[in-house]
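The values are calculated or read from the model by the stated rules, or taken from the named source; none is laboratory data. These figures come from a predicted structure and were not determined experimentally. So basically every Cβ, Gly included, is an ideal-geometry build from the backbone, and we count neighbours across all protein chains shown. For the accessible areas, the whole protein counts, side chains as well, though only heavy atoms, and no ligand, DNA or RNA atoms are used. Shrake-Rupley method; radii C 1.70, N 1.55, O 1.52, S 1.80 Å.
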Amino acid sequence: MTLFAFGLLLAVSLFGFLLNRQAALSIRAGGQALHSLPQFHGGFSALLIFVPAFVVLILWLTLQGNVINAMILSGLPADAMTGLESGQRQLVMAEIAQLSRGLTFGTPEDWKIAASERLITLRATSSWLMLAVLAAITAAMLVFARKRVASEFRARQGVEGIINGLMIACSVVAILTTAGIVLSLVFESARFFSMVPLSEFLFGTNWEPQIPMRADQVAGAGAFGWLPVILGTMVITTIAMLVAVPIGLFSAIYLNEFASAGVRKVAKPLLEILAGVPTVVYGFFAVLTVAPALRESASAWGIVMSPNTALAAGGVMAIMLIPFISSFADDALSAVPQSLRDGSLALGATRSETVLKVLFPAAIPGIVGGILLAMSRAIGETMIVVMAAGLIATMTINPLDSVTTVTVQIVTLLIGDTSFDNPKTLAAFALGLMLFIVTLVINVFALRIVRKYREVYD
Amino acid sequence: MTDISNHNTRWGSTKAKANLARRKRSQWVLQGLGIGALSIAFLMLFLLVSSLVSTGWQAFTQTHIKMQFAVSAEKVNPDNIAAANWRGLVQDAMVVALPGMEPDEARKMAGILSNAAQFRLRDMVVANPSLIGQTVEMTVPTSDPYDQLNKGLIDRNTPEVNRRLKDPEIAAFDTLTADGRITKPLNTALITNADSRFPELAGLKGALMGSFYALLTCFLLAFPIGIGAAIYLEEFAPKNKISDFIEININNLAAVPSVVFGLLGLAVFLNWFGMPRSAPFVGGLVLALMTLPTIIIATRAALKAVPPSIREAALGLGASRQQVVFHHVLPLAMPGILTGTIIGLAQALGETAPLLLIGMNAFITAAPGSPFDSSTALPTQIFIWADSPERGFVSRTSAAILVLLGFLVTMNAVAIYLRSRFERKW
């Protein structure tokens, strides 16, 4: 039915195009001059038919599931759903949906069968209604557009106006995405903070998100203090930055000031490869190669190291960050005007003195901006830590221990089936909100530094 | 430096010479540090690739065994073929294949064959009932431990207690090898099978299809929307607070952690809109939102690179502003746009975290037939396999990573080719 609707939409649009173009051509054949070319008249009709109907169709398809579900729910016997938790409610709805597909398990209650029959009728009604609405819109637009065809009608301006509107809509998608991120995080976090006080989350030193699944189950009460989690994130980020910053900076200095053009031509793309490797691959590398190697060398020195040591996750994350830092530093060094370089060399400074005492200070804002962006990336990096770091949150800054991070907790809390009514699931959104805020602040700050600095020499 | 700028300095003095030597040394130190840093980076790249290749190449072959199964009429009822004891038939075949062993012992050796053997035999006979009463010859994969043994990954010299395969099992396998039953062909199942709990049967078909549908959705959404937004912002938008705001917004969106996009997908697409879990379509939606900033930024750069003289010439000939853009500027900028798009899609292909959050890490043994079926994607499949305890999945994970990297290298090579072939210097 959906495919048919899209087909119908395309067919009517094409028909409108041909109809209006033909009408315009016949005006021209009648000896009158046209303001706009015939294809603009056709295009005007096609766009006028397609755009509103397409929007309605998409909205209908996204919303019909929810509306039908709500109608089924309200049609159920009054006592059917009382006292059920959201997971059980979902199960009942799934059972009704399966009954409607003819899959019967055991002997369902009568009201479930009635509901499934209602579901079938509602679905059919929705499809036909959608088609009817679609037909009405397209027909109205077809007639409207056909009536506009006249020798003095400014069809090109009409078409360009619609296209302009479409392009504005495209630009707004970026804003909608940000709004969607902020709204979903804030909304779900607000529900979390209605269950767990904000002060406990921000200042608690205990993170144990295990909560009882049923009321009679024996389990921890659940503790949601994020300090050990953010501390673990900081430990891994610090390790990664300590490794990546010197390596990235020194390679940038070498490539920019010392390397021959041939070396640069080979080395830069090789570094770019490191940046293009998916993070899940780095995670596997950490588990397969780096962590065992670190553990063996540590035990050779008689040091006990946790299998999920922060060192492995941080070290591998550093490999990912090297090309990032190096390319930012490279750009910053290249942006320093040649006159500064020449001046320093002409005064008798060696190349290394020129780099360290003249170019580096001039490039420092750009380099710092790059390092900050790399840091925000390390904080938000997920797969490497999910695979290589630990799950238990402990208040430790020992890099040999196992630590957990914000992103690890988000993923482990949300993997598998999730229901949105317990603090365990919602805690992930609270962590996500914190992650978003922290990285956003760093990013805005870093982008501002980079931009400000570029303006100085341009 | 301050010493020698003093005009009393005598250039030939030992002090001045020592100073010069020190300064030259610091030059060498800095250069050495640079070379060292680069070497560490390349060493890591080398280690990464070599550890993947050294563990992964074994998974591109699979040990198979050729067996004769006697489908006797008394054991298979033609009226109800599927209900026959197919496991027993496989065990009987093992008794025939290992004449030197006690029948009871030989029956236990049916574990050499993959678990799929009995089902393949059943399906074959169900499809062709005339096989009842005949002997069917079939080549089936061996189970994972024997595959490892055949590839030399199980050390025969370790004490029997610590070995996964005991002495009689190895002896039985060696007998079968000596009979010429064991082959090691190219592992086509890696591409043609969907996921499985058994390493010898697990393949990437579901993941490849899932990634294909997700990338297709991503491309169909992000490409037109990204170009539309970029054209508007670059060519038409008035310079005011709103367009500044949109621009800052896009730059920040490009740096938002990917897991946050996963949270967005979970809360908005799955929870609010009730879209299906684990569906490549939803994965594609989330990836499209992530790829959008990349495409917009690349498109704007490509549009900016088209010289103003092109626009002025077209305007001068009477084209409208939109005609200027769509007839002249956009075609000239297309190579740059396509390059940026392919690079954005390559990033999307390797993205894992957001797909995990919308449930594309489910265990699904059938390839998706449409973008709305449950499925995994290549990176999430790698994550699942990396988490699996069976030994055979280690090399499969590496092999899957090599497949993923192969796609990424191809996409980037296409992008580089496009850039070098069509890019114009004005």
Mind checking which helices (runs of 4 or more DSSP H) fall wholly inside the range A:319-400 and carry at least 3 residues that are more than 29 Å from B:Lys24 (Cβ to Cβ) and in contact (Cβ under 8 Å) with a residue 24 or more places away in the chain? A:360-380, A:383-388
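Among B:Ala415, B:Ala367, B:Ala362, B:Ala399, which is within 18 Å of the chain's Cα centre (by Cα) and either in a helix (DSSP H, G or I) or not assigned by TED's automatic domain parsing to the domain that holds B:Gly265 (or both)?
Just one listed residue meets the conditions, B:Ala399.
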When you look at B:Arg25, is it outside the structural domain of B:Ala386 (by TED's automatic domain parsing), open to solvent by 80 Å² or more (accessible area, probe 1.4 Å) and farther than 30 Å from B:Glu200 by Cα, yes or no? yes
Enumerate the pairs (first residue in the range A:160-176 and facing chain B (nearest Cβ under 7 Å) and at positive phi; second residue anywhere and modelled with pLDDT of 95 or more and assigned to a helix (DSSP H, G or I)) with beta-carbon separation below 9 Å, excluding pairs fewer than 6 apart on the same chain, so at least 6 apart or on different chains. none
When only residues in the range B:28-57 that are within 20 Å of the chain's Cα centre (by Cα) and more than 8 Å from every other protein chain (Cβ to nearest Cβ) count, which is surrounded by the most Cβ atoms within 10 Å (Cβ to Cβ)? B:Gly56
Does B:Ala202 satisfy the criteria of being more than 30 Å from B:Arg300 (Cβ to Cβ), open to solvent by less than 60 Å² (accessible area, probe 1.4 Å), touching a Lys or Arg at 6+ places or on another chain (Cβ under 9 Å) and of a type outside the set (Lys, Arg)? yes
Would you point out which residue out of A:Ala300, A:Ala312 is open to solvent by less than 30 Å² (accessible area, probe 1.4 Å) and either farther than 15 Å from B:Ala41 by Cα or of a type outside the set (Val, Ile, Thr) (or both)? A:Ala312
Tally time: how many residues in the range B:86-120 are surrounded by fewer than 20 Cβ atoms within 10 Å (Cβ to Cβ), touching a strand residue (DSSP E or B) at 6+ places or on another chain (Cβ under 9 Å) and closer than 20 Å to B:Thr365 by Cβ? 2
Note on the range B:370-393: residues closer than 16 Å to B:Glu200 by Cα and not in a helix (DSSP H, G or I) are B:Ser388, B:Pro389, B:Glu390, B:Arg391
Among the residues of the range B:263-281, which ones are more than 8 Å from every other protein chain (Cβ to nearest Cβ) and open to solvent by less than 30 Å² (accessible area, probe 1.4 Å)? B:Gly265, B:Phe269, B:Leu270, B:Ser278, B:Ala279, B:Pro280
Would a scan of the range B:304-319 turn up a residue that is surrounded by 19 or more Cβ atoms within 10 Å (Cβ to Cβ) and either assigned to a helix (DSSP H, G or I) or touching a Ser or Thr at 6+ places or on another chain (Cβ under 7 Å) (or both)? no
Please state which of the following conditions A:Leu270 fails to meet, knowing it meets all the rest: (1) under 31 Å from the mean Cα position of the chain (by Cα); (2) closer than 29 Å to B:Thr397 by Cα; (3) more than 13 Å from chain B (Cβ to nearest Cβ); (4) open to solvent by 50 Å² or more (accessible area, probe 1.4 Å). (3)
Subset tally (residues that are closer than 29 Å to A:Ala252 by Cβ and either within 12 Å of chain B (Cβ to nearest Cβ) or charged (D, E, K, R) (or both)) for the range A:388-405: 2
Of those in the range B:381-400 that are of a type in the set (Ser, Thr, Tyr) and under 22 Å from B:Pro368 (Cβ atoms), the residue surrounded by the fewest Cβ atoms within 10 Å (Cβ to Cβ) is B:Ser388
One residue from A:Ser189, A:Ser184 being modelled with pLDDT of 90 or more, surrounded by 17 or more Cβ atoms within 10 Å (Cβ to Cβ) and more than 8 Å from chain B (Cβ to nearest Cβ): A:Ser189
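Let's see how each residue does on (1) hydroxyl-bearing (Ser, Thr, Tyr); (2) in contact with a helix residue (DSSP H, G or I) (Cβ under 6 Å, 6 or more places away or on another chain):
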| site | (1), (2) |
| --- | --- |
| B:Thr294 | yes, yes |
| B:Ser320 | yes, no |
| B:Gly344 | no, yes |
| B:Asp373 | no, no |
| B:Gln381 | no, yes |
| B:Ala399 | no, yes |
| B:Leu404 | no, yes |
Does B:Leu355 fit the bill of being assigned to a helix (DSSP H, G or I) and out of contact with any Leu (no Cβ under 6 Å at 6 or more places or on another chain)? yes
Within the range B:356-370, is there a residue that is buried (at least 19 other Cβ atoms within 10 Å of the Cβ), among the β-branched types (Val, Ile, Thr) and modelled with pLDDT of 90 or more? yes
Regarding A:Val280, is this residue in contact (Cβ under 8 Å) with a residue 40 or more places away in the chain, facing chain B (nearest Cβ under 9 Å) and either within 27 Å of B:Ala386 (Cβ to Cβ) or buried (at least 19 other Cβ atoms within 10 Å of the Cβ) (or both)? yes
